[in-house]
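Here's the structure, in structure tokens; my notes come after.
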Amino acid sequence: MAGGINVNDLAGHVKDTDYFHFPWGHWHIPESLVNIGMTKFVLIEMAAAVLMLAVFIPMAGKLRGGMPAKGRFWNMIEVFLLYIKDQVIVPSIGSAKDAAPYVPYLWTLFFFVLFCNLGGMLPWMGSPTGSVTVTAVLALCTLTLVIATGIFRHGFSGFWLGMVPHIEGKVGPINLAAVLSPILFVLEVFSFFVKHFSLCIRLMANMFGGHLMLAVFLAFIPMAAWSVFCWIPVTLLSFAASVAISFLELFVAFLQAYIFTFLTSVYIGMSIHQH
């Protein structure tokens, strides 16, 4: 406890709870909803999904009818979609033909992560992607898709054994392939799972760390309230730092959605085009 602020509560904005903290007080989620697993992050994720449906269903209807995406908002969404498809997905997977089946998933992944990230820009909400349980499920979805893609393309044994680079040659009577292939197989499989695990940790750490830093700077204000001569400069500096970090967090929200989508595309491409 320092200056009336419980240090243990500083992470309240970035952890999952059964309530929303508004400026005028707490709104507790009804117990009937909490009992079936509804928490703050779950409701924010549902809101992100509803927002995506509200945006993309009308847009798909317009494009299906042959109408162009008119208006600044629709043009902005179209720019995002085309950029992700043409500059991220297709180059990472290898060709437009190979990438076509995965474009809907990767579009959905990008905007879901982005909307969940942006939820943390509102002080009374939070970023579900700051929770390891959320990012772990997203990483697991990517892992499942990558494995399924590789097995579909190369067969079960072909996918796993294809991770090992082709080795030829001998050192005296020793066959290099017989010696090195088992070692490389273990290393490659371990590396394969670590890469997908890093998707989970990278996203969670960036979102959790940024919002926790913002909470710490804001906590300096009430902690310095014991003296007006100390409180005024601390308030001004904390406010300036919080504004700067908020702009940085806005950039990070887009950047992490981009990185997650880009790496997922790369991993899909690697499962299609092996060594």
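The values are calculated or read from the model by the stated rules, or taken from the named source; none is laboratory data. Computed from a predicted model, the values in this text were never measured in an experiment. Counting neighbours? That spans all protein chains shown, and the Cβs are built from the backbone with ideal geometry, glycine included.
Things to note:
- Of everything in the stretch 134-156 that is of a type in the set (S, T, N, Q) and touching a residue at least 12 places away in the same chain (Cβ under 8 Å), the residue that is farthest from Phe80 (Cα to Cα) is Thr149.
- Residue list for the stretch 92-124, restricted to those being among the aliphatic types (A, V, I, L, M), surrounded by 20 or more Cβ atoms within 10 Å (Cβ to Cβ) and farther than 14 Å from Met204 by Cα: Ile93, Ala99, Leu106, Leu109
- Failed criterion for Met163 (all others in (1) at pLDDT 80 or above; (2) assigned to a helix (DSSP H, G or I); (3) not polar (S, T, N, Q) hold): (2)
Let's see how each residue does on (1) hydroxyl-bearing (Ser, Thr, Tyr); (2) surrounded by fewer than 19 Cβ atoms within 10 Å (Cβ to Cβ); (3) over 23 Å from the mean Cα position of the chain (by Cα):
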site: Leu199; (1), (2), (3): no, no, no
site: Leu203; (1), (2), (3): no, no, no
site: Met207; (1), (2), (3): no, no, no
site: Ala240; (1), (2), (3): no, yes, yes
site: Glu249; (1), (2), (3): no, no, no
site: Thr264; (1), (2), (3): yes, no, no
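- Put simply, of Val14, Val50 the only residue that is among the β-branched types (Val, Ile, Thr) and modelled with pLDDT of 75 or more is Val50.
- Scan of the stretch 115-143 for residues that are of a type in the set (Gly, Ala, Ser) and assigned to a helix (DSSP H, G or I), ordered by number: Gly119, Gly130, Ala136, Ala139
- Test for Val252: is it under 26 Å from Pro123 (Cβ atoms) and either at pLDDT below 75 or among the aliphatic types (A, V, I, L, M) (or both): yes
- Within the stretch 105-125, no residue that is in contact (Cβ under 8 Å) with a residue 40 or more places away in the chain sits with its Cβ atom under 6 Å from a residue that is among the basic types (Lys, Arg) and crowded, with 21+ Cβ neighbours inside 10 Å at 6+ positions apart or across chains.
- One residue from Val146, Val179, Val216 being part of a helix (DSSP H, G or I) and at pLDDT 85 or above: Val146
- Out of Ala219, Ala253, sole residue that is in contact (Cβ under 8 Å) with a residue 24 or more places away in the chain, aliphatic (A, V, I, L, M) and crowded, with 20+ Cβ neighbours inside 10 Å: Ala253
- Screening the candidates Glu45, Glu78 for the property of being surrounded by 14 or more Cβ atoms within 10 Å (Cβ to Cβ), modelled with pLDDT under 90 and in a helix (DSSP H, G or I) yields one hit, Glu78.
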